Amino acid sequence: MKITNSYSFRGELSVPGDKSISHRGIMFGAISNGLTEITNFLQGADCRSTISCFQKLGISMESQGTCVLVHGKGLHGLQAPAQILDVGNSGTTMRLISGILAGQPFESILDGDASIRKRPMKRIFTPLSQMGADFQCWEPAVFPASKKPAASGCAPFTIKGGKLTGIHYTSPVASAQVKSAVLLAGLYAQGETSVTEPILSRDHTERMLAGFGAEITSISTTASVKPEPALEGQQIHVPGDISSAAYFIALGLITPHSEILIQNVGVNPTRNGILKAALAMGGNLTLHNERTVSGEPVADILVKSSSLHSATIDGSLIPALIDEIPVLAVMAAFADGTTVIGDAQELKVKESDRIAVVTENLTAMGASVTPTQDGMIIEGGKPLHGALIRTHQDHRIAMAFTIAGLNATGETTLDDRNCTVISYPSFYEDLLALTR
Ligand code: S3P
């Protein structure tokens with residue numbers, strides 16, 4: 001795929017439904033009684049992996065466009081899977097489903113693609129083992145033909161659920177996936193379960209589980225859940241994904257003569273770091289029509305071309321924009337001054353090592369970038385030139401560098417654009433519709 005900088009971008013769009021909320025809608029619907037109806041569901045490859053895993057656990061679902069009906073079977077209605085649960089590229093599927101499987105009276109085997117097999121799962125094995133579940137990792141090179149035990153802390157692995165005991169877990173990382181896995185296991189445990197994080201991560205699990213009827217409370221960075229709730233199916237309208245909106249925010253800000261209205265975007269305060277960072281960089285960005293939909297704050301975001309300047313992005317802002325850092329780094333390359341991104345070591349264990357991969361690709365385009373242990377330093381304001389972008393099959397790298405290429409001189413080529421199906425299958429159509 002080749003990209004050049006001959007356009008400005010004007011008009012309105014709605015980005016697809018939020019990935020985190022779409023996953024949770026399927027999972028929580030599956031373990032609730034009766035029907036859950038999800039509208040504006042994200043039909044991306046990751047959320048489809050969640051659907052397929054729950055089908056293997058005996059849940060029936062119907063899908064028409066972006067509407068999904070989940071026929072929930074209650075907290076104890078899942079069946080032992082006859083096949084491996086393949087999560088594809090999806091860390092959210094693997095980590096959250098493990099929390100649910102920890103409470104089941106059967107064994108399940110989880111696996112996924114080459115990227116997921118490298119991602120750390122010890123972070124969920126530790127608390128879920130303390131609660132009473134058992135894990136065994138397998139040597140990936142010979143799996144599934146042969147099951148050779150491995151001490152990798154990574155997929156593929158078998159999880160043996162059982163009788164769980166509630167714990168109080170102090171998580172070393174601010175991770176909504178870890179927090180959610182423990183809270184979901186807590187639904188099946190004896191006694192209360194709570195999780196304290198170093199910084200509050202996205203709180204969709206807390207908000208949505210409460211909506212399904214769980215007894216769940218949050219005080220500051222601690223969330224607690226009581227066991228054996230009677231969860232009831234819900235109607236959920238998924239807001240647009242701010243992580244997908246971020247590409248159009250960056251595009252509108254850095255491309256001259258552009259003005260983009262992004263409608264129906266989830267602006268949950270645990271997710272809206274990109275808005276704060278863009279404003280701190282001098283971006284002309286305003287929120288309109290603020291409202292609450294299915295328990296989540298939603299707004300329309302108007303972005304106009306701006307002269308950006310550098311900022312320091314670190315501390316408690318990081319969990320609220322962790323997935324947006326690749327495109328934020330692109331914005332920083334177009335901003336005057338030196339932007340420092342810190343406290344973001346989690347970037348190393350995403351779909352790719354995003355510190356290394358962002359550095360590699362921005363450098364290929366002529367930017368001055370220094371990778372650090374927990375982020376990067378970007379000296380902005382130098383014009384970028386087109387280059388061959390190596391996406392490492394990471395959807396967020398492909399989309400972030402498409403935005404960079406649209407503002408660089410010459411031609412930019414992505415080695416793979418298909419990975420955008422993970423979170424935003426219609427990204428290129430939506431982009432094209434805004435070209436002027
Ligand atoms: C997610 C949590 C974040 C985020 C991921 C989605 C979720 O991961 O990066 O894309 O839906 O809970 P971590 O929990 O690893 O920070």
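The values are calculated or read from the model by the stated rules, or taken from the named source; none is laboratory data. None of the values given here were measured: they were computed from a predicted structure. Glycine gets a Cβ as well: all are built from the backbone with ideal geometry, and neighbour counts include every protein chain shown. Protein only, heavy atoms only, side chains kept; ligands, DNA and RNA dropped before computing areas. Shrake-Rupley method; radii C 1.70, N 1.55, O 1.52, S 1.80 Å.
In this model, which of 2/122; 2/304; 160/276; 304/350; 276/382; 2/179 are farther than 32 Å apart at the alpha-carbon? If you can, show how the numbers build up before the last one.
Numbers: 2/122 40 Å; 2/304 25 Å; 160/276 42 Å; 304/350 30 Å; 276/382 24 Å; 2/179 40 Å.
Pairs exceeding 32 Å: 2/122; 160/276; 2/179.
Accessible area of residue 309, 1.4 Å probe, to the nearest 10 Å²?
90
Relative to the Cα centre, what is the charge dipole magnitude of the chain, using +1 at the beta carbon of each Lys and Arg, -1 at the beta carbon of each Asp and Glu, and rounding to the nearest 20 debye? Before the final figure, lay out each step's value.
On the way: 33 positive and 40 negative charges, 117 e Å.
The dipole of the chain has a size of about 560 debye.
What does the charge count around residue 30 come to, taking other residues whose C-beta lies under 15 Å from its C-beta (Lys +1, Arg +1, Asp -1, Glu -1)? Can you show the working numbers first?
Numbers: positive: 24, 48, 56, 73; negative: 37, 62, 232.
Net local charge, residue 30 excluded: +1.
Give, in whole angstrom and from largest to smallest, the semi-axes √(5λ) of the equivalent ellipsoid of the chain, with λ running over the eigenvalues of the Cα gyration tensor. Don't skip to the answer; put the middle values down first.
On the way: eigenvalues 262, 105, 81 Å².
Square roots of five times the eigenvalues give 36, 23, 20 Å.
Nearest 5 percent is fine: what portion of the DSSP beta bridges confined to the chain is antiparallel?
Numbers: 57 of 80 bridges.
Of all bridge pairs located within the chain, approximately 70 percent are antiparallel.
Among 9, 105, 303, which residue has its Cα furthest toward the positive end of the charge dipole of the chain, with +1 on Lys/Arg Cβ and -1 on Asp/Glu Cβ?
Farthest towards the positive end: 105.
Contact order normalised by length for segment 211-274, with contacts defined as Cα pairs under 8 Å and 6 or more residues apart; what percent is it?
On the way: 49 pairs, mean separation 17.0, N = 64.
Reported as a whole number, the value is 27 percent.
Any aspartates and glutamates with Cα under 12 Å of the residue 348 Cα? List them, leaving off those in the same chain fewer than 8 positions away.
Output for residue 348: 323, 374.
Through the Karplus equation 6.51 cos²θ - 1.76 cosθ + 1.60, θ set to phi - 60°, convert the phi angles of segment 125-137 into ³J(HN,Hα) values in whole Hz; use x for Gly and Pro.
So the Karplus estimates, Gly and Pro as x, are 4, 4, x, 5, 5, 4, 7, x, 7, 10, 10, 9, 8 Hz.
Taking one equal scatterer on every alpha-carbon of segment 134-203, how large is log10 of I(q)/I(0) by Debye at q = 0.13, 0.18, 0.19, 0.20 1/Å?
Values, matching the q order: -0.51, -0.81, -0.85, -0.89.
Considering the dipole of segment 199-269 built from charges on the beta carbon (Lys and Arg +1, Asp and Glu -1) around the Cα centre, which of 258, 204, 243 is farthest to its positive end?
258
Counting alpha carbon pairs within less than 8 Å and at least 6 residues apart, what relative contact order, in whole percent, applies to the chain? Provide the component values of the computation, followed by the final result.
Details: 1085 pairs, mean separation 74.4, N = 436.
Relative contact order comes out at 17 percent.
Can you list the lysines whose alpha carbon sits under 17 Å from that of residue 73, skipping same-chain ones fewer than 8 residues off?
56
When the chain is treated as a GNM, springs tying every alpha-carbon pair under 10 Å, which of 397, 236, 219 comes out with the largest mean-square fluctuation?
For the chain, modelled as a Gaussian network with Cα springs under 10 Å, the answer is 219.
So how far, in whole Å, is the C-alpha centre of segment 363-436 from the one of segment 34-85?
Using only Cα atoms, the two centres lie 33 Å from each other.
Compute, for segment 327-436, the length of the dipole vector about the Cα centre, with Cβ point charges of +1 (Lys, Arg) and -1 (Asp, Glu) only. Units Debye, rounded to 20. Could the numbers behind the result be given before it?
Values: 8 positive and 14 negative charges, 31 e Å.
With Lys and Arg at +1 and Asp and Glu at -1, about 140 debye.
Quick check: Cα centre of segment 252-320 to Cα centre of segment 4-31, how many Å?
A separation of 15 Å, based on Cα centres.
What span do the alpha-carbon atoms of segment 85-140 cover on each of the three principal axes, reported in whole Å from largest to smallest?
29, 21, 18
With the full set of protein chains in place, find how many percent of the accessible area of the chain is carbon and sulfur; take the probe as 1.4 Å. Show your work: numbers first, answer last.
Details: 7920 of 15490 Å².
Looking at the chain in its full context, I get 51 percent from C and S.
Using only Cα atoms, tell me the angle between helix 19-30 and the longest principal axis of the chain; keep it within 0 to 90° and round to the nearest 10.
Rounded to the nearest ten degrees, it is 20.
Using the heavy atoms of the protein chains alone and a 1.4 angstrom probe, what is the accessible area of the chain per residue in square angstrom? All intermediate terms of the calculation are to be shown ahead of the outcome.
Values: 15490 Å² over 436 residues.
It amounts to 36 Å² per residue over the chain.
Given +1 on the Cβ of Lys and Arg, -1 on the Cβ of Asp and Glu, and no further charges, what dipole in debye does segment 131-258 carry about its Cα centre, rounded to the nearest 20?
Using Cβ point charges on Lys, Arg, Asp and Glu, segment 131-258 gives about 340 debye.
Spin-label point model (7 Å from Cα, Cβ direction): what's the residue 218 to residue 114 distance in nm?
Between residue 218 and residue 114, the simple spin-label model gives 3.7 nm.
Could you order 417, 396 so the one with the most accessible surface comes first? Probe is 1.4 Å. Intermediate results must be reported in sequence, preceding the final value.
Values: 417 95, 396 5 Å².
Sorted descending by solvent-accessible area, the residues read 417, 396.
Among 138, 172, 87, whose Cα lies farthest out toward the positive end of the dipole of the chain, if unit charges sit on the beta carbon of Lys, Arg (+1) and Asp, Glu (-1)?
Farthest towards the positive end: 138.
Tell me the angle of helix 45-56 to the major Cα principal axis of the chain, expressed in degrees between 0 and 90 and rounded to the nearest ten.
The angle comes out at about 10 degrees.
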